[in-house]
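Take a look at the structure set out below.
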Amino acid sequence: MSGSLKEELLKLGLGRNVKPADAERRKRTASRPKPERPRPAPAAPAPKPDPRAPDPREVDRERARRQMRVFAQLEAHKLDDAQAEIKHYYSTGRKIKYTYVTEAQQKALLAGEIVIIVAQGKGRLVPSSLVPSLREIDPELRVVDPHATAASDDDGVPDDLRW
């Protein structure tokens, strides 16, 4: 066994002998310069945040704190009754929702003595005298007052229009 394993295998016909032409071709393709790809433009530097602008996370935290204070006030003064059986429908702007009220609560709602406060997606009955203190905590509070909407009677249809 004088030769290398490669030579022995080539003698037996199990290998492939690399011809000099193949070797030259490989060298040429390896040395050929690759075409240049267009490089992406360097990214523009990120704009520096305004140091006077409030941090969005801090704004969200403050909103959550206000909502928790409002929710605590609502839980302390809510007038919801577990025995209520009358559905009272109200509009939240996009949807028509309902809450269960007693007959006395329904009369008080229509008289304006109690209102519906929409908090965390649910309407809660509270005395109307509580609304100003809740507005101090959260000015964006959604209040549904059937008495105020019935009194305004402004449905957008002119009075002189006849059907």
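The values are calculated or read from the model by the stated rules, or taken from the named source; none is laboratory data. Predicted model, so just to flag it, every value in this text is computed and none were measured. No Cβ is skipped: glycine too gets one built from the backbone with ideal geometry, and neighbour counts run over all protein chains shown.
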> Does the range 36-81 hold any residues that are part of a helix (DSSP H, G or I) and touching a residue at least 12 places away in the same chain (Cβ under 8 Å), and which are they?
Replying inline: ARG66, GLN67, ARG69, VAL70, PHE71, GLN73, LEU74, HIS77
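Out of the residues in the range 111-151 that are touching a residue at least 40 places away in the same chain (Cβ under 8 Å) and closer than 17 Å to ASP81 by Cα, which is surrounded by the fewest Cβ atoms within 10 Å (Cβ to Cβ)? Explain how you work it out, then say what you get.
The first filter runs over the range 111-151 and keeps only residues touching a residue at least 40 places away in the same chain (Cβ under 8 Å), leaving 117, 119-120, 124-127, 130, 133-134, 137-138, 141-142, 144, 146, 150.
Then keep just the ones that are closer than 17 Å to ASP81 by Cα; that gives 117, 124-127.
Values: ILE117: 24, ARG124: 18, LEU125: 23, VAL126: 21, PRO127: 13.
Going through the qualifying residues, I end up with PRO127.
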> Which one of the conditions (1) over 26 Å from ARG135 (Cβ atoms); (2) modelled with pLDDT of 85 or more; (3) of a type in the set (D, E, K, R) does GLU8 fail to meet, given that it meets all the rest?
Replying inline: (2)
>> Taking the condition of being of a type in the set (Ser, Thr, Tyr) and not in a strand (DSSP E or B), how many residues in the range 98-146 meet it?
In response: 4
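Could you check, for the range 60-71, whether at least one of its residues is small (Gly, Ala, Ser) and either touching a strand residue (DSSP E or B) at 6+ places or on another chain (Cβ under 6 Å) or at pLDDT below 85 (or both)?
So the first thing to find is which residues in the range 60-71 are small (Gly, Ala, Ser), and the list is 64.
This time we only want the ones that are either touching a strand residue (DSSP E or B) at 6+ places or on another chain (Cβ under 6 Å) or at pLDDT below 85 (or both), so: none.
No, the conditions are met nowhere in the range 60-71.
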